[in-house]
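The values are calculated or read from the model by the stated rules, or taken from the named source; none is laboratory data. It should be emphasised that the depicted structure is a prediction, and the values quoted were computed from it without experimental measurement. Ideal geometry is used to build each Cβ from the backbone, glycine not excepted, and the neighbour counts take in all protein chains shown.
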């Protein structure tokens with residue numbers, strides 16, 4: 001197959017997400033994969049000049065040795081709001097160009113604007129379009145005024161899609177409420193990489209590097225540090241609980257990072273609130289290995305209610321218990337007895353995690369978490385995705 005993937009995020013500096021695992025696994029199976037991505041981080045990383053030119057990155061591989069992906073980044077105007085306007089023109093031009101040059105058998109969309117553009121072009125050219133949902137993307141639009149517009153565009157794209165894929169039951173139900181066709185809307189869950197996320201990984205080097213001593217209780221979070229993640233509330237609760245054994249290891253960057261560093265200084269938490277910044281993917285298993293309890297302290301807001309973050313499967317693969325706020329999508333996915341313990345607020349996760357340690361429940365909960373995910377390899381998930389793509393191509397051909 002020749003597979004064209006469309007997304008409105010940075011292929012290199014975001015994730016790895018589902019599409020990275022699936023694209024590289026499919027590449028290793030001999031399929032040709034081309035990605036059109038978006039320089040979404042231009043505001044915070046590089047604002048030189050008013051315009052970025054088109055770039056082509058060949059032979060890209062982020063996760064699996066031997067994978068070969070082509071990533072194309074259309075140019076944009078580097079002015080707030082105008083970046084999205086310019087995206088419409090540059091991505092439409094690039095989609096049309098790749099339909100001609102790359103000649104995809106199927107197009108898979110992960111965005112809002114460019115997925116809508118791709119769906120229209122695909123229908124015009126009789127190419128199957130698969131709309132793949134891992135987030136409620138309209139809720140992530142930084143300008144709230146435009147979020148209803150984004151949702152409206154998503155609805156229109158859902159109606160044009162030949163197949164729709166959601167990562168969990170709660171998200172699928174949400175898409176059905178938005179008007180997705182039940183017969184065309186499927187669930188494709190997450191996988192694990194047992195070769196990388198191995199519970200037997202030695203954590204001694206990571207613990208020594210960050211001053212973690214024997215007897216310390218390490219709480220862990222990895223991901224984007226935005227306001228909705230609840231890490232700020234966890235950090236403040238850590239300061240209120242004056243227990244030097246309790247430490248919070250945070251891996252990632254984002255809008256809350258500066259505030260977290262201020263909390264670190266103001267409350268004298270330099271040894272207890274450990275901020276590593278963004279780290280390469282290959283380092284994540286070792287960092288997770290250093291944890292006693294992994295956290296998902298997200299606020300119960302619209303953007304988080306229906307989704308299930310991929311990081312949870314990595315935690316579970318590492319045999320780690322998880323303390324999470326009671327989010328509908330997470331509860332529906334994992335239930336009450338698969339290594340998860342739920343709380344109502346981000347502030348509550350610290351005491352709950354410390355309580356699990358005191359009660360000696362970490363091994364029991366970790367074993368349950370590992371059992372839940374151990375049969376879900378990325379190879380088996382790729383098998384299902386490959387079948388979905390072949391089915392979409394066959395059904396489009398029949399029509």
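Remarks
- Residue 172 modelled with pLDDT of 95 or more, assigned by TED's automatic domain parsing to the domain that holds residue 107, over 23 Å from the mean Cα position of the chain (by Cα) and in a helix (DSSP H, G or I): no
- Single residue of the stretch 43-57 satisfying the filter (over 24 Å from the mean Cα position of the chain (by Cα) and at pLDDT below 80) that is surrounded by the fewest Cβ atoms within 10 Å (Cβ to Cβ): 48
- From the options 85, 79, residue that is farther than 30 Å from residue 378 by Cα and in a loop (DSSP other than H, G, I, E, B): 79
- Verdict on residue 383 being free of Cβ contacts under 8 Å to residues at least 12 places away in the same chain, part of a helix (DSSP H, G or I), surrounded by fewer than 17 Cβ atoms within 10 Å (Cβ to Cβ) and under 23 Å from the mean Cα position of the chain (by Cα): yes
- Residue within the stretch 265-274 that is at pLDDT 95 or above, under 23 Å from the mean Cα position of the chain (by Cα) and either outside any helix (DSSP H, G or I) or not assigned by TED's automatic domain parsing to the domain that holds residue 23 (or both) present: yes
- Condition met for residue 115 (assigned to a helix (DSSP H, G or I), within 26 Å of residue 226 (Cα to Cα), in contact with a strand residue (DSSP E or B) (Cβ under 7 Å, 6 or more places away or on another chain) and touching a residue at least 60 places away in the same chain (Cβ under 8 Å)): yes
- Among the residues listed as 330, 288, 301, the single one being in contact (Cβ under 8 Å) with a residue 40 or more places away in the chain and surrounded by 21 or more Cβ atoms within 10 Å (Cβ to Cβ): 288
- Odd one out for residue 274 among (1) surrounded by 18 or more Cβ atoms within 10 Å (Cβ to Cβ); (2) under 24 Å from residue 21 (Cα atoms); (3) in contact (Cβ under 8 Å) with a residue 40 or more places away in the chain; (4) out of contact with any helix residue (DSSP H, G or I) (no Cβ under 7 Å at 6 or more places or on another chain): (2)
- In the set (1) outside any strand (DSSP E or B); (2) touching a residue at least 40 places away in the same chain (Cβ under 8 Å); (3) buried (at least 19 other Cβ atoms within 10 Å of the Cβ); (4) not assigned by TED's automatic domain parsing to the domain that holds residue 354, the condition left unmet by residue 180 is number (2).
- Here is the figure for the stretch 336-380: residues that are surrounded by fewer than 13 Cβ atoms within 10 Å (Cβ to Cβ), more than 21 Å from the chain's Cα centre (by Cα) and in a loop (DSSP other than H, G, I, E, B) total 5.
- Total residues in the stretch 349-377 satisfying the condition of being within 17 Å of residue 236 (Cβ to Cβ) and touching a helix residue (DSSP H, G or I) at 6+ places or on another chain (Cβ under 8 Å): the figure is 3.
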